[in-house]
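One structure is given below, encoded as structure tokens.
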Amino acid sequence: MIHATYFDGRSSRRHPVTVLFHKGVVAIEGENLRRSVRLRQVRISEPLARAPRILTLPDGAYLESRDAKLDKYLRRNGYRESWVVRWQRNWPASLAALAGLVLLLASGYQWGLPWAADELAQRLPRTIEVKIGEGQLEMLDAGYMEPSRLPPSRQQDLRDAFASLKTPTGQAIPYRLEFRSSRIGPHAFALPNGVIVMTDQMVEMAPDDHAVLAVLAHELGHLERRHSLRRLLQAAGVGVAVNVYLGDVSSLLALAPAVLLDQGYSRDFEREADRYAIDMMRANGLPLSPIAQLFERLGTPDDDDDRAPHSRSGRSAVIDYLSSHPSDAERIATLRAAD
Amino acid sequence: MAEAVLEAPSTGADRRVETAPAVAAYPEAAAEGEHPFRFTGSGSEYFRIWVVNLLLTILTLGIYSAWAKVRRLQYFHRNTVVAGAIFDYHGEPKAILKGRILALVLLLAYQLSTGFSAVAGAIVILLLAAIFPWLLTRAFRFKLANTSYRGLRFRFRGTVGQAYRMLILFPVLFAVIGLFVWSLAASFSNSPSIGLVLLVVLLPMAAIATAVPLAHYCLKRFQHEHADYGQTPFHFSAQARDFFKIYGKSVGLVIVGGAVAGAFFALTAGLFAWLEASVFGAVFAALYALLGLYVSYLFVRPYMESRMQNLVWNHTELGLHRFESRVKARALLGIHASNLILIVLTLGLYKPFAAVRLARYRVQSMTLVAGADLEDFLADQDADRAGALGQEAGDLFDFDIAL
């Protein structure tokens, strides 16, 4: 027998009752009150540490009980808590859920989201990329770029030289090479609409044309792998996930992890593009030491979206984690090793 | 104590003093007088619910989120106690899921349309604005119809029509003022006098300064004036000017906060210059700006929240009963700030503990001042309505205009 409070659902009055459980039947008895219901027809709320359990009868009347013996009687009469409830009540299982959560999020970040973004990117119509790229080029031209001061013949030479190279896969990738002069210094961009923008300052800084070609190959790698669109999609995915997790605390706070995680993706893409450039230079029997030399000169290499080039030699691994690009030391070492 | 008569379910004729034992069994009782709200939830218990909810939500690609929401709300409702009885939440997860899917479709429509063209995006925004009163009414209805105390459901009587009549004022106001300012600016563009420029600048600002507190007041009145507990209606007696006062003081606080932030930046200018010259200059500049914004937000938010909860609940009555709310801005600031720090330090794992702490403070700041015995509320006659409403697609955008 347990003590409970009975509410009839018609008034707010509390009726103190005693409840008996016997062979799957709940018998309720109180002042002017006597009813019995099959336990199967009763909806039973989950047990909480300091809140009463609620046993709702089919007609909406219900029992509230804080009696510690209730759980025991329910169990004896064949009631079993749902697996979610048993899970939530169990500390080791909850901590396992936490571990599972961390594992799931980490693998989702590492493999799931990149895979999904890649699949989606392949299915999205080309027109989206063209539109985004055109918008970016317009923005760059309006804010940061001026017409190139390189002589047209020099531009044409570089275009021809790059056009004569074969890609590592042998497949031709549509692109258009544009030169611009810019106060942002030596940079190169691959826009999603297939436009590669290289600044005059980059051409001037390069020790020779092989370095320029390697930078262009790197950008072509971005195009071939559709990095711009994939990064947009991945950033959107990360943004949604972080906002679901932290958005209710503060959407401003959610910004920091979203940016950091996006930088991680950016570094992966840069490494992939470096790999592509190495393969392309090798496929054409060209040396890699010039681009390694260019990286050494630049401090910061060619880029999609980095702003002012700082002298970044000797960055620590921690700082590298905050950056959109792998460290120069790492990239130069990779290039030297491949040469 | 209570002279109330028990409406005995069976024996109508035989009216002895049946109430006596019933009341005597509950010494803390529900009689006339003050009944503080209590919150009995604990962070460590809610943490387990939260983590399982989160894992299942991710594993089911968000579908479980509707069930998770019901679990969460039930946890908070059932741990809220007043006058010896708890609250309960009855939302149907499938109804909530339907609402969420609809919300997702609307959001996607908006996203895709803005990508497609600016005009299409504007049309979708207008459409969303046009159905906002409908969404709002539905959310209020769903929420109250699914909340109960002592076995009686709450109910929201407000209609979609009332919501439109209330909210139509604001777009009309803005349109009229916008048109007026535009015509002024257009007709005198050659040699504007100072007064005219001031008028053109200040009028829209004044319009916004009027509209925001007024809209907040209208929403709160709509929400509280049209609510029932069983058959008993709530009454809302706050005045629009009280809302203006709170907003006015909040703006004042923002200005003071801005001055403090300015002084801080001035004092740390040297450090700042050194940091900016370093490798991550841009990052530090952004962090500084965010910090400045955040500090003023951190101060204003608890002020606004505490004053608003106090204003709204100190002016809400339920039949003969009323409420008292004594939330202190300073205590709320302490809770928000320490919660935020702990959430950052634990990479978010402190969130469930933070939620429980905040709920405990806000709930325990409330008192129900009963003007009569609390055992005598009666259920709404057409109880079926609550059930039917509970099945409708639930609150679409998770409007949480709780307190």
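Any read-out appearing in this document is the output of simple, stated calculations on the displayed coordinates, not a laboratory observation. Quick caveat, the model's predicted, so the values are computed rather than measured. All Cβ positions, even for glycine, are placed from backbone atoms using ideal geometry, and neighbour counts span all protein chains on display.
Points worth noting:
- The mean number of partner chain beta-carbon atoms within 10 angstrom of a residue's beta-carbon across peptide A:28-35 is 3.
- Degrees between helix A:91-107 axis and first principal axis of chain A (Cα, 0 to 90, nearest 10): 20
- Between residue B:346 and residue B:185, residue separation times 0.36 nm minus the direct Cα-Cα distance comes to 52.6 nm.
- Lysines with Cα under 19 Å of residue B:328, excluding same-chain neighbours fewer than 8 positions away: B:245, B:249
- Debye-sum result for the protein assembly as shown in log10 I(q)/I(0), which assumes one identical scatterer on each alpha carbon, at q = 0.08, 0.09, 0.10 Å⁻¹: -0.85, -1.01, -1.15
- In degrees, nearest ten, helix A:126-143 long axis to first principal axis of chain A (Cα): 60
- Placing unit charges on the Cβ atoms only, positive for Lys and Arg and negative for Asp and Glu, gives the protein assembly as shown a dipole magnitude near 2440 debye about its Cα centre.
- Spin-label model, residue A:297 to residue A:106: label points 7 Å out along the Cα-to-beta-carbon direction sit 4.2 nm apart.
- J(HN,Hα) series, the stretch B:263-268, from Karplus relation 6.51 cos²θ - 1.76 cosθ + 1.60, nearest Hz, glycine and proline x: 4, 4, 5, 4, 5, 9
- Inter-site label distance for residue B:193 and residue B:287 at 7 Å from Cα along Cβ, in nm: 5.3
- When chain A is treated as a GNM with alpha-carbon contacts under 10 Å, the residue of A:272, A:31, A:138 showing the greatest mean-square fluctuation is A:31.
- Counting Cβ atoms of other protein chains within 10 Å of each Cβ in A:2-9 and taking the mean gives 3.
- Peptide B:40-52 - average C-beta neighbours from other chains (10 Å radius): 6
- 5 angstrom amide H check on residue A:11, placed H, neighbours 5+ away: B:379
- Cα pair distances in the stretch A:229-272, grouped into 5 Å bins until the bin that holds the longest one, percent each: 5, 25, 30, 20, 12, 6, 2, 0
- Reachable lysines, given that their alpha-carbon falls under 18 Å from the alpha-carbon of residue A:72 and they are not under 8 places away in the same chain: A:23
- Residues considered: A:57, A:233, A:216. Largest GNM mean-square fluctuation over chain A, using C-alpha springs under 10 Å, is found at A:57.
- Rough spin-label spacing in nm, given labels placed 7 Å along Cα→Cβ, for residue A:99 and residue B:225: 5.8
- Relative to the longest principal axis of the Cα atoms of chain A, helix A:209-224 runs at roughly 30 degrees.
- For the pair residue A:160 and residue A:128, a Förster radius of 25 Å applied to the C-beta separation gives a FRET efficiency near 0.20, rounded to the nearest 0.05.
- The calculated 222 nm mean residue ellipticity attributable to helices in chain A amounts to -16000 deg cm²/dmol, summing -39500 (n - 2.57) over DSSP H runs of n ≥ 4 and dividing by all residues.
- Additional length obtainable on full extension of the chain from residue A:205 to residue A:67, 0.36 nm per residue less Cα span: 41.6 nm
- Restricting attention to the stretch A:124-338, close to 55% of DSSP beta bridges with both partner residues there are antiparallel.
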